[in-house]
Amino acid sequence: MKVFLGLIILVLTSFTYVLADIPCAERRIEKQSVVCVCNTTYCDDITREIPAPRAFVTYTSSKDGLRFKKDRGTWCHSTSESCSSTTLEVFPTIKYQRIEGFGGAVTDAVGINWKSLPSLLQDSFIRSYFSANGLEYNMLRVPIGGCDFSTHAYAYNELPENDKQLSNYTLAPEDILYKIPMIKSIMRVATAPVHIVASTWSPPLWMKTHQTYGGFSRLERQYYQTYADYHLKFLKKYNQSGIPVWGITTTNEPINGVISLAPFNSLGWDIQEMGEWILNNLGPTIRNSAFKDLKILAGDDQRATMPYWFNVMFARYPKALDYVDGMAVHFYTDNIIPAAVFDAVTLTHPEKFILATEACEGSYPWQKDKVLLGSWDRAVTYIKDILEDLNYNLVGWIDWNLCLNRGGGPNWVGNFVDSPIIVDEDKQEFLKQPMFYAMGHFSKFIPRESIRIKVVEKKHLLTPSLRHVAFVTPKNTIVVIVYNNGEARTIRLKNGMKQATFNLAADSITTVEFPYE
């Protein structure tokens, strides 16, 4: 009997340990917020607690250093108004877009930094992003060949030149040593199928009008079909490696190669060239292959280019639109271009989705600190952008590099930027930035197939507004995410005849989850 009771106690103790959250190992950064330190002996995590009937669970991260602080409360049935100056009311039957997911990119730089850690810490890194005790990412972006976050410029099949048959198409050492092992580690721990979006920055130089990886260049017309085959061969190579690809984009930031915006890998397109290539080459090549169900995303550039790639190009080449599943968009002009540009897609072609495929901080010339440890302001930029994109019907949000080093690289052209995780190879540790937790408030609680619902804010005239979004999840719960950029306050949450009050910390993001009853 004693042995039996001991086994029960052991099982219960183990179960409790699995459910218990491991708190952040804080390192406060002067004039900033905190980073959370992970090493071979310690790494924080977060578990999603299933809310009990008539109850809710809140998770809060803040400028003061809260990281997924968990609290609980209960609903009550009432028709009376509370003393709160703000009420958020959800309407679960008024529905909008269905969510695809959230994630980040596996570039060469990410793989190099990940591989620089001890194997135990490599596992902690993967779990932090993808496991049930982490952010539960379910999407990745992967370059087809090299990008600026490589140690050198390269593409597949660089030799022999003028090889229309792509007879020497082999994966690069960077794929074999870094990207593929990392992606397979991710797939082993992820809580949902990982949907990979692949993008080409530049084909081999012999396909281009100018023999440089960066700067001005276009695709030689004689290689239009070869470039389509270039993508198809990548799909085959990764699939043979055990990694299915969910979608491709039609080239990363094509405007860069038109007006020579960037010194790094690029390929320029205009609407005539791109429209013809999709219609006559890429679309038929993919749809007549074993990968016919692959998602094809056009654009893959800044918000400002959305009307150009969608309204103008597909007006001229309407049949090309039949091959395209959606539009990809990047983050870097979001502070000056309103999200209303997305209406051109969602109002005229609601069957086409929009996915945010790249974002990072530290990329602007005026941001002298490419990596800014502990920056809450950079987390806020992410929070605001994700909230805005979701409220304009985007189906997901993919960050840029999953990790970088203390200098924001490696990057072969010195285009260093920030990342939600910074790897310190010398100290054999990695640091979770506030941006990491900002991402998690969305990715962990809005699983694939969640549906956005209507939420209305009612407040006193002089009360500052909140930013918010709400979803019904496939877990049969409702999730509300609220950003408060001011002082601590109490708000009321209303769902039909039920209401509850909870506190918002100063300068914070809070995720609330409760049963959909």
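The values are calculated or read from the model by the stated rules, or taken from the named source; none is laboratory data. Since this is a predicted model, take the numbers as computed values, not measurements. All Cβ positions, glycine included, derive from the backbone under ideal geometry; neighbour counts span all protein chains shown. For accessibility, only protein heavy atoms count, side chains too; no ligands or nucleic acids. Shrake-Rupley method; radii C 1.70, N 1.55, O 1.52, S 1.80 Å.
Taking a point 7 Å out from the Cα of residue 40 in the direction of its Cβ, the residues of the range 424-445 whose backbone N falls within less than 18 Å of it are 424-431.
Calculated from DSSP H runs of 4 or more alone, at -39500 (n - 2.57) each and per residue, what is the 222 nm mean residue ellipticity of the chain, nearest 500? Walk me through the intermediate numbers first.
Working: 12 runs with 115 residues, N = 517.
Rounded to the nearest 500, it is -6500 deg cm²/dmol.
With N as its number of residues, the range 79-231 has a Cα radius of gyration that, divided by 2.2 N^0.38 Å, comes to 1.46.
Between the alpha-carbon centres of the range 397-474 and the range 170-210 there is a gap of 22 Å. Between the amide H of residue 144 and those of 199, 200, 201, distances stay under 5 Å, these residues lying 5 or more places away or on another chain, with hydrogens modeled in the peptide plane. For the range 363-438, the mean projected area of the C-alpha convex hull, equal to one quarter of the hull surface, is 5.7 nm².
Measuring spread by the Cα atoms of the range 111-190 yields a radius of gyration and Dmax of 15.4, 49 Å.
Relative contact order of the range 401-467: 19 percent, from C-alpha pairs under 8 Å at least 6 residues apart in sequence.
The share of accessible area on the range 160-203 that comes from carbon and sulfur is 53 percent, using a 1.4 angstrom probe.
What part of the accessible area of the range 424-517, given as a whole %, is carbon or sulfur when the probe is 1.4 angstrom? Display every interim value, and only then the final one.
Details: 1690 of 3410 Å².
Here carbon and sulfur together make up 50 percent of the probe-accessible area.
Peptides 501-512, 170-181 ranked from most to least packed give 501-512, 170-181, packing being the mean of other C-beta atoms within 10 angstrom over each peptide's residues.
Given contacts defined as C-alpha pairs under 8 Å and at least six residues apart, what's the relative contact order of the range 317-367, whole-number percent? Don't jump to the answer; show the numbers that get you there.
Numbers: 35 pairs, mean separation 24.0, N = 51.
Relative contact order of the range 317-367: 47 percent.
Relative to the current alpha-carbon distance between residue 239 and residue 424, full extension at 0.36 nm per residue lengthens the span by 63.3 nm. Given Cα positions, please report Rg to Rh for the range 280-354, the hydrodynamic radius being the Kirkwood one. Result: Rg/Rh = 1.00.
Highest first, please rank the peptides 473-483, 126-136, 457-467, 396-406 by the mean number of other Cβ atoms sitting within 10 Å of their residues. Show your work: numbers first, answer last.
Numbers: 473-483: 19.8, 126-136: 22.7, 457-467: 12.7, 396-406: 25.2.
In descending order of packing, they fall as 396-406, 126-136, 473-483, 457-467.
Shape class for the range 19-92: oblate, because the ratio a/c of the largest to smallest gyration tensor axis (alpha-carbon atoms, square roots of eigenvalues) is 1.5 or more and b/c is at least a/b.
Take each peptide in 316-326, 355-365, count the other Cβ atoms within 10 Å of every residue, and average; sorted highest first, the result is 355-365, 316-326.
Could you provide, to the nearest whole Å², the per residue accessible area of the chain with probe 1.4 Å?
On the way: 20430 Å² over 517 residues.
Accessible area per residue: 40 Å².
Over 19 Å between C-alpha atoms is what I'm after, so list which of 208/236; 459/494; 292/352; 179/236; 63/432; 454/498 land there. Over 19 Å Cα-Cα: 208/236. Built from the Cα atoms of the range 75-164, the convex hull projects on average onto 13.1 nm², one quarter of its surface area.
Roughly how big is the chain's charge dipole about its Cα centre, with Cβ charges of +1 (Lys, Arg) and -1 (Asp, Glu), in debye to the nearest 20?
Value, rounded to 20: 1260 debye.
For the chain, the longest principal axis of the alpha carbon atoms and the long axis of helix 224-240 meet at an angle near 50°. Amide H contacts under 5 Å for residue 208: 220, restricted to partners 5 or more places along the chain or on a different chain, H placed in the peptide plane at 1.01 Å from N. Dividing the mean sequence gap of close Cα pairs (under 8 Å, 6+ apart) by how many residues the range 35-101 holds gives a relative contact order of 19 percent.
If you wrap the range 197-341's Cα atoms in a convex hull and average its projection over all directions, what's the area in nm²? Spell out each step's value before the answer.
Working: hull surface 34.4 nm².
Dividing the Cα hull surface by four gives the mean projection, 8.6 nm².
With viscosity set to 1.567 mPa s at 4 °C, what whole-number translational diffusion coefficient in µm²/s follows for the range 373-509 from Stokes-Einstein and a Kirkwood radius over Cα pairs? Mind dumping the intermediate values first?
Values: Rh = 16.9 Å.
D, rounded to a whole number, is 76 µm²/s.
Its Cα gyration tensor gives the range 458-517 an equivalent ellipsoid; the semi-axes, largest first and in whole Å, are 22, 13, 10.
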